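Trainee: Below you'll find the structure I mean.
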Amino acid sequence: MVFTHSDEGDKQNNDLIQAIWNRRDEWGEDICRQLISKQISPQMTPDMVRLAWPEAEKIELLTPPREKWHYRPMSKQTTAPYIIFENGLVVEIVGNGATTATPEFNMRMVVLLLGFILMMIIGIIFSVIAYYA
């Protein structure tokens, strides 16, 4: 959610931060800090997402117990983000504006794949050296 720099926006922002922080005993400080930073991640509830992101433009009911929340694109050059909930918890976050653990997971997969490829290349090189030695 984007807040203006006006006094009214600052008050709205402060009220939102207070509303989130008041739930820290229930949700934990780490989750509250994520929400205050407008970040959502898998396993968050709809209440948490509503506090971190603006209201969804459309909520699509998928095969129960799944819902898909559609959001407005952050810019004209990007696609609209959406969130999939299953049994009342975030299971997927797609599109721009998504600041979640999902991109970190994808980066880890890329690094692991590159490491595997590098090990394969080194193995081939040592095999060739051993063959001709």
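Trainee: Within region 46-72, can you find the residues that are surrounded by 14 or more Cβ atoms within 10 Å (Cβ to Cβ) and among the hydroxyl-bearing types (Ser, Thr, Tyr)?
Mentor: 71 - this is the single residue of region 46-72 that is surrounded by 14 or more Cβ atoms within 10 Å (Cβ to Cβ) and among the hydroxyl-bearing types (Ser, Thr, Tyr).
Trainee: Out of region 81-99, which residues are over 15 Å from the mean Cα position of the chain (by Cα) and surrounded by 12 or more Cβ atoms within 10 Å (Cβ to Cβ)? Before you say what the answer is, go through the steps one by one.
Mentor: Of the residues in region 81-99, the ones over 15 Å from the mean Cα position of the chain (by Cα) are 86-88.
Across region 81-99, the qualifying residue is only 86.
Trainee: So, one more: Kindly list, by first and then second residue, each pair from a residue in region 40-58 that is closer than 14 Å to residue 71 by Cα to a residue that is of a type in the set (D, E, K, R) and assigned to a helix (DSSP H, G or I), limited to pairs with Cβ atoms under 9 Å and residues at least 6 apart or on different chains.
Mentor: 56/50
Trainee: Test residue 104 against the criterion of being loosely packed, with under 14 Cβ neighbours inside 10 Å, outside any loop (DSSP other than H, G, I, E, B), modelled with pLDDT under 85 and under 14 Å from the mean Cα position of the chain (by Cα), and give yes or no. Write out each step before concluding.
Mentor: Details: loosely packed, with under 14 Cβ neighbours inside 10 Å: yes; outside any loop (DSSP other than H, G, I, E, B): yes; modelled with pLDDT under 85: yes; under 14 Å from the mean Cα position of the chain (by Cα): yes.
Here the answer is yes, as residue 104 does meet what is asked.
Trainee: Given the criteria polar (S, T, N, Q) and surrounded by 12 or more Cβ atoms within 10 Å (Cβ to Cβ), does residue 78 qualify?
Mentor: no
Trainee: Among the strands (runs of 3 or more DSSP E) lying completely within region 1-101, list those that include at least 3 residues that are at pLDDT 90 or above and in contact with a helix residue (DSSP H, G or I) (Cβ under 9 Å, 6 or more places away or on another chain). Step through it out loud before you land on a result.
Mentor: On the way: elements: 58-61, 66-70, 82-86, 89-94.
It comes to 89-94.
The values are calculated or read from the model by the stated rules, or taken from the named source; none is laboratory data. All of these numbers come straight from a predicted model, not from anything done at the bench. Every residue, glycine as well, gets a Cβ built from its backbone with ideal geometry; the counts of neighbours run over all protein chains shown.
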